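Have a look at the structure that comes next, please.
Read-outs throughout are calculated quantities, based only on the coordinates presented, and are distinct from any laboratory measurement. Given the structure is predicted, the values throughout are model-derived calculations rather than measurements. Ideal geometry is used to build each Cβ from the backbone, glycine not excepted, and the neighbour counts take in all protein chains shown.
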Amino acid sequence: MDREALLKRLMAADFALHETVLFLDVHPKNRKAMEYYRKMQAQREELAEQYRKNFGPLTYYEVKSGEWNWTDYPWPWQN
Amino acid sequence: MWIYDKKLQYPINIKNPNAALAKLIISQFGGPDGELGASMRYLSQRYTMPYREVIGALTDIGTEELAHMEMVCAIVYQLTRNLTPEQIKEQGFDAYFVDHTTGLYPVAASGVPWNANTFQSTGDAIADIMEDMAADATTTKEQPTISRIRKPLILLAFRHFEAFRKNAIPAIA
């Protein structure tokens, strides 16, 4: 998958996850929402891992190599 | 604390500069109903909110507003890239340009700089949530104006009104 396509899938997963977060904040006992959260969380983690490996870190916590590559990749508004 | 997630909430890929459009869109950054004010509103109100569920909603929505602000700034940035001096003048961007060149400055389309007078933080749960709903209802005003240009962005903001109406009010009732 190219960067653009993978990024779009990650954004979509993040959006679904965030939407569920807003619901869960005020409906913490809703089982169905919690199940959906866990499902999207796993999906998000998988996509994020794939992105990190191929296109660089998304947060500075993810800079795991011995080289400082946080600023090597373009910033999100640069294209 | 916050940590930066190095991506936009929704992709912004603008090919052609359009300073006239940027002059209008910038209001969604620093205007009276812009994303800067939205994020500061929720993130300021959360400290005195008496219910942890609502604090959660204010924290997570306030954080998302920062991401909206980033998208709006990305739009303005891309719309004002590679402008010629002629385009700056013809498209009415000269007044902004003389003060800020193409730097992102939080200002309304009318030219008024961003001001904290555009929101309240009262320390009263009901008053604050009512204000939050009124603020998110302003997206219905923006819909016929800006949303033709960036509909997905407006839809993002409008969801919060529904979130407050359906969730925050029952949570404290």
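Seen from all sides and averaged, what is the projected area of the convex hull of the Cα atoms in the range B:8-149, in nm²?
In nm², the orientation-averaged hull projection of the range B:8-149 is 8.7.
Show me, for the range A:29-39, the HN-Hα J-couplings you get by feeding each phi into the Karplus relation (A = 6.51, B = -1.76, C = 1.60, θ = phi - 60°), rounded to Hz, glycine and proline as x.
Along the range A:29-39, the couplings run 9, 6, 5, 4, 5, 5, 4, 5, 4, 5, 5 Hz.
Apply the Karplus curve 6.51 cos²θ - 1.76 cosθ + 1.60, θ = phi - 60°, to the phi angles in the range B:10-18 and return the couplings in whole Hz, x for Gly and Pro.
8, x, 10, 9, 9, 8, 9, x, 7
Positive end of the dipole of the protein assembly as shown, charges at C-beta (+1 Lys, Arg; -1 Asp, Glu), about the Cα centre: which of B:G37, B:G111, A:V21 has its Cα farthest in that direction?
Looking along the dipole axis, the top candidate is A:V21.
Sticking with this structure for a sec: Using DSSP to define loop residues, name the trypsin sites (Lys or Arg not before Pro) in chain A whose beta-carbon has at most 15 other beta-carbon atoms within 10 Å.
Passing sites in chain A are A:K29, A:K64.
Quick one: A:H18, B:H100, B:H68, A:H27, fewest Cβ neighbours within 10 Å first, how do they rank?
By the 10 Å Cβ count, ascending: B:H100, A:H27, A:H18, B:H68.
Okay, next question. One-quarter of the Cα convex hull surface for chain A, in nm²?
That works out to 6.2 nm², a quarter of the Cα hull's surface.
Sticking with this one: At a 10 Å Cβ-Cβ cut-off, how would you order B:M69, B:M40, fewest neighbours first?
With the fewest neighbours first, B:M69, B:M40 line up as B:M40, B:M69.
In addition: Over the whole of B:1-12, what's the average partner chain Cβ count within 10 Å per residue? Rounded to a whole number, please.
The shielding value for this peptide is 5.
Do any GluC sites (Glu not before Pro) in the range A:37-79 lie in a DSSP loop with no more than 14 other beta carbon atoms within 10 Å, and if so, which?
A:E67
Please identify the chymotrypsin sites (Phe, Trp or Tyr not before Pro) of the range A:3-79 that satisfy two criteria: DSSP loop assignment and at most 10 other Cβ atoms within 10 Å. Which are they?
In loop regions of the range A:3-79 (DSSP not H, G, I, E or B), the sparsely surrounded chymotrypsin sites (Phe, Trp or Tyr not before Pro) are A:W68.
Just the projected area, averaged over all directions, of the convex hull on the alpha carbon atoms of the protein assembly as shown: how many nm²?
Average projection, Cα convex hull of the protein assembly as shown: 15.1 nm².
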